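What follows is a short report on a single structure.
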Amino acid sequence: MQRYVVRRLLGALIVAWGACTVVFLLLRLSGDPVSLLLPVEASYEDYVQLKHSLGFDKPLVVQYWNFLKNAIRGDFGMSLRYRSPALPLVLERLPATFELTGFAVLIGLAVGIPVGVLCAVHRGKPIDTIGMWLSLCGQAVPVFWLALELILIFAVKFRLLPTYGRGGLRRLILPATAVGLPLAAIITRLLKSTMEEVLSEDYIRTANAKGLGPSIVLFKHALRNAIGPVLTIVGVQFGSLLGGAVVTEMVFAWPGMGRLLLQAVGNRDFEVVQAVVFVTALLVTGANLVADVLCAVVDPRVRYE
Amino acid sequence: MQDYNIRRTLCVALLLCVLVLGIGSGSTASGNALIVAQGGDVTTLDPQLQGNMVTMNVVINIFDTLVTRDADMELAPGLATSWRVVNSTTWEFSLRRGVEFHNGEPFNADSVKFSIDRLLDPKTNSPIVELKTVSRVDIVDDYTVRIITSVPDPLLPAKMVLFGGCIVPKGYITKNGNATFAKQPIGTGPYKFVKWIRDDRVVLKANPSYWKGKPAYDNLEFRSIPNSNDRVAALLTGEADIVANVPVDMVPRVETDRNCNVLSVPGLRVFYVGLDTRTGPTADKRVRQAMNMAVDVPAIIKNILGGHALQIATPVGQGMFGFDPSIKPYTHDPERAKKLLAEAGYPNGFSMDFAHPSGIYMKDYEVAMAIVGQMAKVGIKLNPVTYEWGVFLDKYRMDQLPASLLMGNFAWTMDADNSVNFLFRTGQMYSRYSNKRVDELIDLESTTLDAAKRKAAFSEMVGILHGDAPWIFLYQANELYGVRAGIAWEPLMSQVMWMHGAHPSRDGK
């Protein structure tokens, strides 16, 4: 298990390096940020001078080498727009994004697990059909639309919750719901199918035959065995969860990493984009690892070598 | 053992819950606070390291500029009480006495010299380029400075109104360094800096000893809400008092709310379709004039922009120095347009590419599509192409955009020079036009310090440009602000959100 974790951690670093390289090249293919930094009345000389002082006139290989050399030391360069080091800019926004995605996962689990179990238990009954339809909608609805509808209904119409910003639980509920509901939909569908499978297993029949109460059979014997794939899917979905957070952070003016990324792409703030991609790559591979380890913890049949 | 595992997982989940719940307990601004929401966050609080209006809107409330503009948009005293021309390359500014920075440091000639020197120092890497005509600053006495320019610069006082004119504290920056200054700025302005939470808010508090008088609100917060629908929602629920850039579609919604008003102010951004006068069909003046007649600008303003724009006749819009009201816009006349096209040898029209931004300016895509439709009616087929904004600007700079392009020009100095100099002078980076007389007039206006002569030069110049039609002249778009009832605030045409004069009022809606 330990060797497995170490190997996976090394893999995570390689993934992060690869992602950074791809992004480095893609960004430079898109041009340089000099035009966006200068006011329109700047002359061609201003343009050449700024390009030179920012180092964008150097050969690509030299730029890449400098990037790697500094990145190894944890230096991702200066943000061109914010005029301050890029990595701290990203790291200082991480707590906000964790708060949002963490709460979204909780909402996803809190909604997805009960609904999934209900649907599996009442297989083929109206409750199952309704649950499946709702989860289909949940997966199909675009996050930005859901986010705006939540604002219009709960903030503007009924004045129950604030419309924007971060600080306190009340400001967290709407954005976390927007990110969490699509996850809940996925969990519902997945758990329903694995639960149905597990419920037809021999050991469940045995448990029932032993005379155990239905809730003990359901939650201790069935759910416990069906929950593994759910944990995996939460880990795998972590990437798209961050993706959903990008959109949601923009709509709810949530000061997180996703919003920083979107603005940095728009401004061609290369250093910030690279730092975000590096951190995200580590997070996503890390989340997958945590999910795999958790699986082994919850389900003793799973072992890694 | 396994039960224990599950219980442990549950415990961790519960702990997470509690942690999340415990973060802050919701913060609302206390009593006498004004909350202003705009679409972005400041990029830095060092006024000399920025060049965008979102940052300027915040910075202008912490810092003062040498020169300001009054309600009629005329140049007015700021930290400089008066200024005069000494000779063609020397401006003298007399400075206000008794002004202190927020840390008690006195404002004097030394502060001005330090500020401008710092801005021009290549090591500062400032994106502010407009002071490049300045060669040095001489201190005459404690409250008089002379700014020496390499060439005559008639716009110097106008350039001292915004980005280049902010005065920064010498002692504070020398002692604490640039990085600290950018995070904990000290200025002479109406509000003092309290805190900045990135992408969330900048909190300011009133400067009780401000030289123009203490502001009416004790606290001023700038919030950053990128999504315009959410920004308006915040206004409607009262979570923001003033919001910038209300989308045109949302104006009726705000106006029908009994607690909110919309303020629509003529803007400084002039929109046009730039035509390549060097090659192709648009090299013919008659074709360019025909295109001006083919577009129904009043209909675009009425139907797409909700009436929140003014049609323009020349590159110089209303409110700018050099505006000539005697020149009237082209009238919509498709029949005459067709005749002109036939005269020019295009009885069946022609086809060309048409570049336009999308999602950058108010309704840019819709306006572009309307133009395409109206052109089709006179036989001109425009093929719309759009680029990501950075690519658009790159191509614009490198002269790689198609023969027609939709663009907006921000005349922030409020002087016509800002519009004509780099857009029409032969050989300038953005110029796709050449006219000897216009070049002469630009040379004249950009080097003469005599206002009357400049005005005459502009009048002649915009007359020529109107006839030559290197653009399809469209409109200057209004700025739209949403304001809660009970707040009196006059937005400035210069578009900078100066909040000193904002005060509570009893007038409802």
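The values are calculated or read from the model by the stated rules, or taken from the named source; none is laboratory data. Just so we're clear, the structure is a prediction, and the values are computed from it rather than from any experiment. Neighbour counts run over all protein chains shown; Cβ positions are idealised from the backbone, glycine included.
Kindly establish whether residue B:280 is on the phi > 0 side of the Ramachandran plot and at pLDDT below 95.
On the way: on the phi > 0 side of the Ramachandran plot: yes; at pLDDT below 95: yes.
For residue B:280, the condition - on the phi > 0 side of the Ramachandran plot and at pLDDT below 95 - is met.
In the range A:1-57, the qualifying residues are those that are of a type in the set (Lys, Arg) and in contact with a helix residue (DSSP H, G or I) (Cβ under 8 Å, 6 or more places away or on another chain), and the one that is farthest from the other protein chains (Cβ to nearest Cβ) is A:8. Summed over the range B:393-434, the residues that are buried (at least 23 other Cβ atoms within 10 Å of the Cβ), within 12 Å of chain A (Cβ to nearest Cβ) and over 20 Å from residue B:268 (Cβ atoms) give a count of 0. Residue count for the range B:414-447, restricted to those that are outside any helix (DSSP H, G or I) and among the β-branched types (Val, Ile, Thr): 1. All of A:84, A:53, A:43 fail the test of being in contact with a strand residue (DSSP E or B) (Cβ under 9 Å, 6 or more places away or on another chain) and more than 30 Å from residue A:288 (Cβ to Cβ), apart from A:84.
Go through the range B:233-259 and give me each residue that's outside any helix (DSSP H, G or I) and in contact (Cβ under 8 Å) with a residue 60 or more places away in the chain.
Within the range B:233-259, B:238, B:239, B:240, B:241, B:242, B:243, B:244, B:245, B:246, B:247, B:258, B:259 meet the criteria.
Suppose we filter the range B:252-280 for residues that are over 21 Å from the mean Cα position of the chain (by Cα) and either under 18 Å from residue B:38 (Cβ atoms) or surrounded by 21 or more Cβ atoms within 10 Å (Cβ to Cβ) (or both); how many remain? I'd like the intermediate steps shown before the answer.
Going through the range B:252-280, the residues over 21 Å from the mean Cα position of the chain (by Cα) turn out to be B:252-261, B:275-280.
Still in the list and also either under 18 Å from residue B:38 (Cβ atoms) or surrounded by 21 or more Cβ atoms within 10 Å (Cβ to Cβ) (or both): B:254, B:260-261, B:275, B:277.
Qualifying residue count for the region: 5.
Give me the residue from the range B:217-232 that is in a helix (DSSP H, G or I) and in contact (Cβ under 8 Å) with a residue 12 or more places away in the chain and, out of that set, nearest to the other protein chains (Cβ to nearest Cβ).
First, the residues of the range B:217-232 that are in a helix (DSSP H, G or I): B:228-232.
Cutting the leftovers down to in contact (Cβ under 8 Å) with a residue 12 or more places away in the chain gives us B:228-229, B:231-232.
On the way: B:228: 10, B:229: 6, B:231: 8, B:232: 9 Å.
If we take residues in the range B:217-232 being in a helix (DSSP H, G or I) and in contact (Cβ under 8 Å) with a residue 12 or more places away in the chain, then B:229 is nearest to the other protein chains (Cβ to nearest Cβ).
The combined condition, being over 16 Å from residue A:263 (Cα atoms) and modelled with pLDDT under 50, is fulfilled by residue B:19.
Taken over the range A:101-127, the criterion of being more than 13 Å from every other protein chain (Cβ to nearest Cβ), in a helix (DSSP H, G or I), touching a residue at least 24 places away in the same chain (Cβ under 8 Å) and under 19 Å from residue A:198 (Cα atoms) is satisfied by A:112, A:115, A:116, A:117, A:119, A:120, A:121.
Which of the residues spanning the range A:235-260 are within 12 Å of another protein chain (Cβ to nearest Cβ), among the aliphatic types (A, V, I, L, M) and assigned to a helix (DSSP H, G or I)?
Residues of the range A:235-260 that are within 12 Å of another protein chain (Cβ to nearest Cβ), as a first pass: A:246-260.
With among the aliphatic types (A, V, I, L, M) added as a condition, the list becomes A:246-247, A:250-251, A:253, A:257, A:260.
Selection gives A:246, A:247, A:250, A:251, A:257, A:260.
In the range A:212-232, which residue that is of a type in the set (S, T, N, Q) and more than 12 Å from chain B (Cβ to nearest Cβ) is surrounded by the fewest Cβ atoms within 10 Å (Cβ to Cβ)? Once the filter is applied, the top-ranked residue is A:215.
Screening residue A:77 against (1) surrounded by 17 or more Cβ atoms within 10 Å (Cβ to Cβ); (2) on the phi < 0 side of the Ramachandran plot; (3) touching a helix residue (DSSP H, G or I) at 6+ places or on another chain (Cβ under 7 Å); (4) modelled with pLDDT of 90 or more leaves a single unmet condition, (2).
Considering each of B:192, B:205, B:214 in turn, give the residue that is in contact with an Asp or Glu (Cβ under 7 Å, 6 or more places away or on another chain) and away from chain A (no Cβ under 14 Å). So that I can check it myself, show each step before the final result.
Numbers: B:192 fails: in contact with an Asp or Glu (Cβ under 7 Å, 6 or more places away or on another chain); B:214 fails: in contact with an Asp or Glu (Cβ under 7 Å, 6 or more places away or on another chain).
Residue meeting the stated conditions: B:205.
Evaluate the following for residue B:324: is it without any contact (Cβ under 8 Å) to a residue 60 or more places away in the chain and at negative phi? No. Among the residues of the range B:360-384, those that are in contact (Cβ under 8 Å) with a residue 12 or more places away in the chain, out of contact with any Phe, Trp or Tyr (no Cβ under 7 Å at 6 or more places or on another chain) and surrounded by fewer than 16 Cβ atoms within 10 Å (Cβ to Cβ) comprise B:366, B:369, B:377, B:381. If only residues of the range A:266-280 that are modelled with pLDDT under 90 and part of a helix (DSSP H, G or I) are counted, the one that is farthest from the chain's Cα centre (by Cα) is A:267. Could you say whether any residue in the range B:260-276 is assigned to a loop (DSSP other than H, G, I, E, B) and out of contact with any strand residue (DSSP E or B) (no Cβ under 8 Å at 6 or more places or on another chain)? Taking every residue of the range B:260-276 in turn, none turns out to be assigned to a loop (DSSP other than H, G, I, E, B) and out of contact with any strand residue (DSSP E or B) (no Cβ under 8 Å at 6 or more places or on another chain).
For the range A:138-165, enumerate the residues that are part of a helix (DSSP H, G or I), more than 14 Å from chain B (Cβ to nearest Cβ) and surrounded by 13 or more Cβ atoms within 10 Å (Cβ to Cβ). It would help to see each step written out before you state the result.
Taking the range A:138-165 first, the residues part of a helix (DSSP H, G or I) are A:138-140, A:143-157.
Then drop every residue that is not more than 14 Å from chain B (Cβ to nearest Cβ), which leaves A:138-140.
If the condition is that a residue be part of a helix (DSSP H, G or I), more than 14 Å from chain B (Cβ to nearest Cβ) and surrounded by 13 or more Cβ atoms within 10 Å (Cβ to Cβ), then A:138, A:139 are the ones that fit.
Each residue in the range B:47-80 was checked for being in a loop (DSSP other than H, G, I, E, B) and closer than 21 Å to residue B:143 by Cβ, and 5 pass.
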